[in-house]
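The values are calculated or read from the model by the stated rules, or taken from the named source; none is laboratory data. This one's a predicted model, so the numbers in the text were calculated from it and none came from an experiment. Glycine also receives a Cβ, built like all others from the backbone with ideal geometry; neighbour counts cover every protein chain displayed. These accessible areas exclude ligands, DNA and RNA; they are computed on the full protein's heavy atoms, side chains included. Shrake-Rupley method; radii C 1.70, N 1.55, O 1.52, S 1.80 Å.
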Amino acid sequence: MAKRLSPGVHAGSMADIAFLLLIFFLVTTSIETDAGLDRMLPRMETPPPLIINERNILRISINDSDELLVEEERVDMGELRDIAIAFLDNGGAPPGNKGHCNYCEGLRKQESSDNPLEAVVLVTTVRATSYGGYITVQNELVAAYNHLRNREAQRRFGEDFTEMQAVYLNPETPEYIRASLREKIREIQGLFPLNLSEAEIK
Amino acid sequence: MIRFKREKETDVPEISTASLPDIVFMLLFFFMTVTVMKSEKLKVNYVLPNASEVKKLEKPDRVIYIHIGKPTLEYATILGSGPRIQINDKFVDLSDVGPYVLGQIADKPEAIRPFMTIALKVDKHAGMGIILDVRQELRKINALKINYTTYEGDAYANLE
């Protein structure tokens, strides 16, 4: 009997098949944009009204053409971050008094906030305010908080707060590092709590 | 002279393409691992706003997406051009946002239900009105952890 040679499998078209698969996956999948600004909404049941001194509130209004009014004055979006930093970092309570802020570096004006724990930023919008403008304001306020938190974290731990937070949130970070970071993050957040409040003008 | 010419005519060796499939497969696996399947068909168009101080959203199975924007051309003839809410392939009325989100949360294993984040993917030209309404609905069902999903970039670009 004649010995038959089995024909070799031709691998030349393999590349084409793989290319087809590749193009299929490129078309049907997308790289997700999964980053943004985190917020906690207030609970539905209204808490008993807090009595807050007017000097501890920074009032920001955004109108329907995305113009800003801060404490009854027209300001540009570019100035907002510095205004917020000056307000939060003011530390107006005199030394020796309850609520004196020993880590603040502000101007310590009497008519501005007592300390960062008391200071509240109140953002009011109208229904026609654009979402983009609102996000810009929120972004500036978070930037102001991050600036102050970074400064304090640098002084205490020699590290940036945002850096520590990114490492902490990374799921690949080992647990023992996260545990030590958690303490530091809590401490900084305790010094500059994110007191953002919102209201709608009817 | 003729002989000399002939000597120079050496054959260029052919490039072997045997490893080409391997290279393409490597590319394929790379894309398969870094991308995710489009889970839902978008029926609204949106351009997200930019922000610079963003935080990454943690695990995708703990996120519920709410899309708000103008309906796509297909639907614009029926629904008009006002901003609409889409959750999971469907247009949803404002009053149904709460029940829908609750249903989504109930589908998840019990252990991760308290950690669910609602990601709002909203067109930057949409008004705040619809967002205030949606937020109010979310407060009613006690889903308080939200995320305004944005692109990373210059926030001042939102104002144009």
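So, with +1 on the Cβ of K and R and -1 on the Cβ of D and E, and no other charges, what is the size of the charge dipole of the protein assembly as shown about its Cα centre, to the nearest 20 debye?
In total the dipole reaches around 1100 debye.
Checking an interface number: how much accessible area is buried between B and A, summed over both chains, with a 1.4 Å probe, in Å² rounded to 100?
Numbers: alone 12320 and 14540 Å², together 21880 Å².
Separately minus together, B and A give about 5000 Å² buried.
Which one of B:78, B:103, B:127 is farthest out on the positive end of the charge dipole of region B:27-137, using unit charges on Cβ (Lys, Arg +1; Asp, Glu -1) and the Cα centre as origin?
So the residue furthest toward the plus end is B:127.
Dipole of region A:54-197 (Lys/Arg Cβ +1, Asp/Glu Cβ -1, origin at the Cα centre): which of A:153, A:60, A:196 lies farthest to the positive side?
Farthest towards the positive end: A:153.
Would you please classify the overall shape of region A:54-197 from the alpha carbon gyration tensor, given that a ≥ b ≥ c denote the square roots of the eigenvalues, rounded means a/c under 1.5, and beyond that prolate means a/b larger than b/c while oblate covers the rest?
Taking the square roots of the gyration eigenvalues as a ≥ b ≥ c, region A:54-197 is oblate.
Given a Förster distance of 35 Å, report the FRET efficiency between residue B:30 and residue A:126 from their Cβ-Cβ distance, rounded to the nearest 0.05.
For residue B:30 and residue A:126, the calculated efficiency is 0.15.
Given the C-alpha atoms of region B:44-159, compute the convex hull and give its volume per residue in Å³.
So the per-residue hull volume is 109 Å³.
Mind scanning B:41/B:124; A:184/B:124; B:59/B:90; A:109/B:124; B:41/B:145 and naming the pairs with a C-alpha gap bigger than 32 Å? Don't skip to the answer; put the middle values down first.
On the way: B:41/B:124 20 Å; A:184/B:124 35 Å; B:59/B:90 23 Å; A:109/B:124 37 Å; B:41/B:145 25 Å.
From the list (B:41/B:124; A:184/B:124; B:59/B:90; A:109/B:124; B:41/B:145), the Cα-Cα distance tops 32 Å for A:184/B:124; A:109/B:124.
Restricting to the protein assembly as shown, compute how many DSSP beta bridges are antiparallel as a %, nearest 5.
Percent antiparallel among DSSP bridges in the protein assembly as shown is about 50.
Determine the relative contact order of chain A: mean sequence separation of Cα pairs under 8 Å and six or more apart, normalised by residue count, in whole percent. It would help to have the intermediate numbers written out before the result.
Working: 229 pairs, mean separation 38.7, N = 202.
So the answer I get is 19 percent.
Considering only protein heavy atoms and a probe of 1.4 Å, how much of the accessible area of region B:44-159 is carbon and sulfur, as a whole percent? Present the calculation step by step, with values, prior to reporting the outcome.
Details: 2810 of 5420 Å².
So the carbon and sulfur contribution to the accessible surface is 52 percent.
Between residue A:172 and residue A:82, take the C-beta separation as r, use R0 = 45 Å, and let me know the FRET efficiency to the nearest 0.05.
0.80
Which value, in debye to the nearest 20, gives the size of the charge dipole of chain A about its Cα centre, when Lys and Arg are +1 and Asp and Glu are -1 at the Cβ?
Here chain A has a charge dipole of around 860 debye.
Which helices pass in chain B if a helix is a full DSSP H run, must span at least 15 angstrom along its long axis by Cα, and must have mean Kyte-Doolittle hydropathy not below 1.0?
Answer set is B:20-34.
Just the number please: accessible area per residue for chain A, 1.4 Å probe, all protein chains included, in Å².
Normalised by residue count, the accessible surface of chain A is 59 Å².
Modelled label-to-label distance, residue B:88 and residue A:17, 7 Å Cα→beta-carbon offset: nm?
Placing both labels 7 Å beyond Cα along the Cβ direction yields 3.8 nm.
Once both axes come from the Cα atoms, what is the angle between helix A:14-28 and the longest principal axis of chain A, in degrees from 0 to 90, rounded to 10?
Around 30 degrees separate the two axes.
Send over a whole-number figure in Å² for the accessible area per residue of chain B, probe 1.4 Å.
Here the per-residue accessible area is 62 Å².
Probe radius 1.4 Å, ligands and nucleic acids ignored: give me the carbon and sulfur share of the accessible area of region A:54-197 as a rounded percent.
48
Just to confirm my numbers, what's the Cα centroid distance between region A:39-113 and region A:127-155 in Å?
13
What fraction of the DSSP beta bridges in chain B is antiparallel, stated in percent and rounded to the nearest 5?
Bridges in chain B are about 40 percent antiparallel.
Taking R0 as 25 Å, what FRET efficiency do you get between residue B:55 and residue B:77 from their Cβ-Cβ distance, rounded to the nearest 0.05?
On the way: r = 39 Å, r/R0 = 1.55.
The value I calculate is 0.05.
Would you mind checking the tilt of helix A:175-191 against the longest principal axis of the Cα atoms of chain A, expressed as 0 to 90 degrees and rounded to 10?
That helix lies at roughly 30 degrees to the long axis.
So which residues in region A:128-143 end up with at least 30 square angstrom less accessible surface once the other protein chains are there, compared with the chain by itself, probe 1.4 angstrom?
A:131, A:132, A:134, A:135, A:136, A:139
Which peptide among A:37-44, B:81-88, B:11-18 comes first, and what is the full order, when sorted by highest mean count of other Cβ atoms within 10 Å?
B:81-88, A:37-44, B:11-18
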